[in-house]
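Single-structure report; data block below.
Here, each number is a calculation from the coordinates, and none is a lab measurement. In this text the structure is predicted, and so the values were computed from the model without any measurement.
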Amino acid sequence: MIRRAEKADLPALCEIARLARAYMARTGNPNQWDSGYPDLYLEKDIGQGQLYVLADEEGVPHAFFAYVLGPDPSYANIDGAWFNDRPYGTIHRIASDRTVKGVFAQCLDFCADICPNIRADTHADNQIMRHLLEKHGFLCCGTVNLDLREGDTLRIAYQREG
């Protein structure tokens, strides 16, 4: 089941993020999430009602993602072009403990029911996310610079029109 994250979920979500960072590093993507990311954003996302968890029957989180409706400031300047200017939602900070199959598909179905015009971005080294995005109908629109963070901020931008 997918539900809004709660503050009580934070320890589990930070552990999921730790596992995701380790997995990303093992699979050739060591630079996208530094040691403090996305942990520093989780409580803010919860407070804004935009962080969701995929939980088991007992309510234990196994994955999380942010789904942000409305214009994303980091998407205002794209080296390329978005497919449309219709209202959209953005998937950010998706992570899993890798114990549940099909997390991305479940997340995407949930998001598309809210707003089917969806944008996302990922690091060039994140071959797994790039594959998932393309497998699920997202097309590359160009690159964006996530100047809201320090470090390596260039991302490949994707959109799936709904």
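Between His131 and Leu10, 0.36 nm times their residue separation minus their Cα-Cα distance comes to what? Working shown, then result.
Details: separation 121, 0.36 × 121 = 43.56 nm, distance 2.84 nm.
Computed gain between His131 and Leu10 is 40.7 nm.
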Over the Cα atoms of the stretch 2-160 the radius of gyration and the largest Cα-Cα distance (Dmax), both in Å, equal 14.7, 44
